[in-house]
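Here the structure is laid out as structure tokens; the discussion comes afterwards.
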């Protein structure tokens, strides 16, 4: 056993690089999966009580996701390692991660290929949601990203697949959603590392207690650059999955995109045996285990992630009929103003570092409004808002009828989506508008994307809003998504989940997005909400 702070990784460089990097990839993917799965507050169905603890025996899907793009001219496998981790959220086992890492040769060039497969089952308002996410990265010897393939499966929604290839100063992307493929080019910053570089860096130059190191990586899941910072702690006794304790070094990792940090414990050989991440007011814990242990049944039903993240408040007398509501919002340890949008819908007044007063008074649908010029990103078809899809256009035509007034069209569309999506289930994290137009099912995310795409089909600019919604029957706030239409030069909110002809003061907005293919990944819109759910406190001060 090395002395405190002197992790004996140098003689085990190959093992360290493989074991540590695979696991890091799984953690980022897992965070994205839970962000997407948190979904929306159930404003249309009774909120069920949390399910009693139970152990569910169920078969586990182990079919690998095909990763045949990009196709190399010459590919040779030289060595491979693998690892398995089990995932807990709080005390509930929700899934596992299977990772492999191998050295390959492509066209005479030595590369490192890492693949991480994440399987997760959780419960949302009493319904099971299953997700499988695969990420494969190929990196150069210096850690720079060369290519990647990411695929997300969330039945009954179609899979989402993104293929990326670095070509000089460009990143070439192909995104396939609902059997439709879009291509785009993004500028590439030379030297951006694969997420696996965290491991390579530690293997080549181990950290000592108190030391920190930062570098820039590209996160394929989010199509975004991030600065990663790793800080080493001391050796400490850590309890592992099998109940034994072991002296391990703690590594704290943060990045500039994800709103949380991860604590990892590694042994003297560089193997990551345990991690912890604060999420939704709980701790997400992962342990390295055997394959046999990892693929055991997931008990997911013990924890309802949607019910568990609700924020209890005093009743709002008129609920969604309130035109204006004033709230006092506190986020312990955080600046509350950072997580809230200030615009014509709501205003923010600071009370202290952790507390703000939020006044929500959304504009009503205007009379005799006109559609004024907007940026192209709010009118264009995109991977999630396919306004040129034939089914989306058909629904837009049915909803609008012969109407030509854009305000009345928007009002009709909101009502149409609300009454047409009769299967309001929570088994899908987020489907695209084309899928929703075909299947006519889903929760608030599906209502929002379909309405936004239908508006664009009628040349009305639209965008997506993400935040919290008041649940009248239980006096809670929960995560939510809705739409906004650009009318008379201002953004007017519409909520197709409720279908009330606009919204009142019972929505709290935390982000908005055009869902453009050239913009941030849609899942990033949920990050402010994910940062504060589980610790945000809301007090209703006044309503009218």
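The values are calculated or read from the model by the stated rules, or taken from the named source; none is laboratory data. None of the values given here were measured: they were computed from a predicted structure. Don't worry about glycine lacking a Cβ; one is built from the backbone with ideal geometry, like all the others, and counts go over all protein chains shown.
When residues of the range 471-524 are filtered for being in a helix (DSSP H, G or I) and crowded, with 22+ Cβ neighbours inside 10 Å, how many remain? Don't jump to the end; show me each part of the working.
Quick first cut of the range 471-524, residues in a helix (DSSP H, G or I) only: 522-524.
Keeping just the survivors that are crowded, with 22+ Cβ neighbours inside 10 Å gives 522.
The total comes to 1.
Going by the conditions given, is residue 352 in a loop (DSSP other than H, G, I, E, B), surrounded by 17 or more Cβ atoms within 10 Å (Cβ to Cβ) and either assigned by TED's automatic domain parsing to the domain that holds residue 520 or in contact with a helix residue (DSSP H, G or I) (Cβ under 8 Å, 6 or more places away or on another chain) (or both)?
Details: in a loop (DSSP other than H, G, I, E, B): yes; surrounded by 17 or more Cβ atoms within 10 Å (Cβ to Cβ): no; either assigned by TED's automatic domain parsing to the domain that holds residue 520 or in contact with a helix residue (DSSP H, G or I) (Cβ under 8 Å, 6 or more places away or on another chain) (or both): yes.
No, not satisfied.
I need a count of the residues in the range 455-470 that are over 24 Å from the mean Cα position of the chain (by Cα) and either modelled with pLDDT under 95 or assigned to a helix (DSSP H, G or I) (or both).
3
Anything in the range 366-397 that is in a loop (DSSP other than H, G, I, E, B), in contact with a helix residue (DSSP H, G or I) (Cβ under 8 Å, 6 or more places away or on another chain) and more than 22 Å from residue 522 (Cβ to Cβ)? List them, or say none.
Residues satisfying the conditions are 366, 367, 368, 369, 370, 371.
Determine which single condition residue 431 fails, assuming it passes every other condition in (1) in a helix (DSSP H, G or I); (2) out of contact with any strand residue (DSSP E or B) (no Cβ under 7 Å at 6 or more places or on another chain); (3) under 24 Å from residue 184 (Cβ atoms).
Evaluating residue 431 over (1) in a helix (DSSP H, G or I); (2) out of contact with any strand residue (DSSP E or B) (no Cβ under 7 Å at 6 or more places or on another chain); (3) under 24 Å from residue 184 (Cβ atoms) leaves (1) as the failure.
Among the residues of the range 137-157, which ones are in contact with a strand residue (DSSP E or B) (Cβ under 7 Å, 6 or more places away or on another chain) and surrounded by fewer than 21 Cβ atoms within 10 Å (Cβ to Cβ)?
140, 141, 144, 146, 151, 153, 155
Conditions first: (1) closer than 25 Å to residue 180 by Cβ; (2) modelled with pLDDT of 95 or more; (3) touching a strand residue (DSSP E or B) at 6+ places or on another chain (Cβ under 6 Å). Residue 358 passes all but one, so which condition is the exception?
Single failed check for residue 358: (1).
Return the residue satisfying two criteria in turn: it lies in the range 525-542 and is in a loop (DSSP other than H, G, I, E, B) and crowded, with 18+ Cβ neighbours inside 10 Å, and of such residues it is modelled with the highest pLDDT.
536
If residue 142 passes every condition in (1) modelled with pLDDT of 85 or more; (2) in contact with a helix residue (DSSP H, G or I) (Cβ under 9 Å, 6 or more places away or on another chain); (3) within 30 Å of residue 278 (Cα to Cα) but one, which one does it miss?
Tallying (1) modelled with pLDDT of 85 or more; (2) in contact with a helix residue (DSSP H, G or I) (Cβ under 9 Å, 6 or more places away or on another chain); (3) within 30 Å of residue 278 (Cα to Cα), residue 142 fails exactly one: (3).
What is the number of the single condition among (1) touching a residue at least 40 places away in the same chain (Cβ under 8 Å); (2) part of a helix (DSSP H, G or I) that residue 412 does not meet?
With (1) touching a residue at least 40 places away in the same chain (Cβ under 8 Å); (2) part of a helix (DSSP H, G or I) applied to residue 412, the lone miss is (1).
Hey, can you tell me all the residues within the range 234-245 that are over 16 Å from residue 285 (Cα atoms), in contact (Cβ under 8 Å) with a residue 12 or more places away in the chain and surrounded by fewer than 17 Cβ atoms within 10 Å (Cβ to Cβ)?
Once the filter is applied, which keeps residues that are over 16 Å from residue 285 (Cα atoms), in contact (Cβ under 8 Å) with a residue 12 or more places away in the chain and surrounded by fewer than 17 Cβ atoms within 10 Å (Cβ to Cβ), the range 234-245 yields 234, 236.
Can you tell me which of 178, 199 is on the phi > 0 side of the Ramachandran plot, outside the structural domain of residue 442 (by TED's automatic domain parsing), buried (at least 16 other Cβ atoms within 10 Å of the Cβ) and touching a helix residue (DSSP H, G or I) at 6+ places or on another chain (Cβ under 6 Å)? Quick ask: steps written out before the conclusion?
On the way: 199 fails: on the phi > 0 side of the Ramachandran plot.
Every option except 178 fails the conditions.
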